[in-house]
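Scroll down for the structure; my scribbles are underneath it.
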Amino acid sequence: MFLKGKKGLIIGLANKHSIAYGIAKVASENGAELGFTYLNDSLKKRVEPIANELGSSVVIPLDVTNSEDMDSLKDRVESEMGKIDFIVHSIAFAPKRALSGSTVDTLQEDFLTAMDVSVYSLIGITQKLLPIMNENGSILTLSYFGAEKFVPKYNVMGIAKAALEATVRYMAVDLGDKGIRVNALSAGPIKTLAASGIEDFRNLLKWNEKHSPLGRNVTVEDVGGSAAYLLSDLSRGVTGEVHYVDSGYNIIGMPKEATY
Ligand code: NAD
């Protein structure tokens, strides 16, 4: 129960396949009190019962591209939860056409959408919620290995994740004197709604399963375990870091059985 007494907002729950679900589950099992946001009315129907199952009745609308949602976020969270200790930012989006073909064909409007929803939103949400965050708070976002190295079809999202990881480092310095920590978890590939937008995602899953030391892909609960640690005081000396939960494939330079 190392999150007992901590309250946090989970942004990015769509269904039980969501990484946000694994994080929320492990956080609530360890005593955290949670609130959730949902993107639109059709997702509200899915998010509400999951929130209830995890002991929460707090479900707040949030489309980060909608200025009314953003402007009302602080008041809604404060009126339902009071002050909070952590924020989980588990959202990303790029139009499907940008996640197939080549990066050089990326349209400017798709680039800007990907950067806005997947990167700026971390800054925008933090601006809004900072006044109601307790000291020793923790902000956590989700990244992927495609931020660092080429991954087929990840394209503009790889660029966005690189920017997101840099944002984590800059925000960590900005918020250090407030005692608020900012970190990213770089998760291995998991079949979720967002991942289904990436062309040939199945190949990624297969490659990673085959080339990871643990010989398997990670689950949302695996990510949840590391997230719960980063949200808690157990990680009080950790900020500005990108933490891997990917069963180890990022350490492989060349697969040991590779022959050409
Ligand atoms: P998901 O589809 O379950 O979650 C993505 C969430 O983003 C959804 O809840 C969706 O409603 C939300 N979202 C999209 N546009 C939004 C907007 N305008 N405003 C507010 N919310 C919006 O998929 P997921 O895989 O759990 O994705 C969560 C995070 O994990 C993303 O940042 C993703 O890039 C990252 N990630 C995923 C994988 C993977 O393989 N699935 C691996 C590493 C990192």
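Just need the Rg to Rh number for segment 93-147, please, alpha carbons only, Kirkwood Rh.
Dividing the radius of gyration by the Kirkwood radius yields 1.11.
Please work out the FRET efficiency for the pair Asp105 and Asn250, using the Cβ-Cβ distance as r and a Förster radius of 22 Å; give the result to the nearest 0.05.
Working: r = 27 Å, r/R0 = 1.23.
The computed FRET efficiency comes out at 0.20.
Using Cα pairs under 8 angstrom and six or more residues apart, how large is the relative contact order of the chain, in percent?
So the answer I get is 21 percent.
At 24 Å minimum axial length over the Cα atoms and a Kyte-Doolittle cut of 0.0, report the qualifying DSSP H helices in the chain, or say none.
155-176
Semi-axes of the equivalent ellipsoid of segment 18-64: what are they in whole Å, largest first, if each equals the square root of 5 times a C-alpha gyration tensor eigenvalue?
Output for segment 18-64: semi-axes of 18, 10, 9 Å.
Provide the per residue accessible area, probe 1.4 Å, for segment 66-199, rounded to a whole number of square angstrom.
Per-residue accessible area for segment 66-199 comes out at 45 Å².
In nm, what is the difference between 0.36 nm times the number of residues separating Phe2 and Gln127 and their Cα-Cα distance?
42.3 nm
Starting from the Cα of Lys210, step 7 Å along the direction of its Cβ; do the same at Leu234; then give the gap between the two resulting points in nm.
Label at Lys210, label at Leu234, 3.5 nm between them.
What does the charge dipole of the chain about its Cα centre add up to, to the nearest 20 debye, if the Cβ of each Lys and Arg holds +1 and the Cβ of each Asp and Glu holds -1?
Using only the charged Cβ atoms, the result is roughly 620 debye.
I'd like the projected area of segment 211-260, averaged over all directions, using the convex hull of its alpha carbons. Report it in nm² with one decimal.
That works out to 4.6 nm², a quarter of the Cα hull's surface.
Roughly to the nearest percent, how much of the accessible area of the chain is carbon and sulfur, given a 1.4 Å probe?
Answer for the chain is 52 percent, counting heavy atoms of protein chains only.
Among Val223, Val151, Val119, determine the one that fluctuates most according to a GNM of the chain built with springs between C-alpha atoms less than 10 Å apart.
Per the Cα network of the chain with a 10 Å cutoff, Val151 tops the list.
Kindly provide the pair-distance distribution of the chain built from C-alpha pairs, with 10 Å bins from 0 and whole-percent values in order of increasing distance.
7, 31, 38, 19, 4, 1, 0
Using the eigenvalues of the Cα gyration tensor, what equivalent ellipsoid semi-axes result for segment 55-187 when each is taken as the square root of five times the eigenvalue, whole Å, largest first?
28, 17, 12
Let me check I've understood the local charge: for Lys25, count other residues with C-beta under 13 angstrom from its C-beta, Lys and Arg +1, Asp and Glu -1. What total comes out?
Overall, the nearby charge balance is -3.
The values are calculated or read from the model by the stated rules, or taken from the named source; none is laboratory data. Here the structure is a predicted model, which is why all the values come from computation and not from measurement. Reconstructed Cβ throughout: ideal geometry from the backbone, glycine too, with neighbour counts over all protein chains shown. Surface accessibility is based on the protein's heavy atoms, side chains included, excluding ligands, DNA and RNA. Shrake-Rupley method; radii C 1.70, N 1.55, O 1.52, S 1.80 Å.
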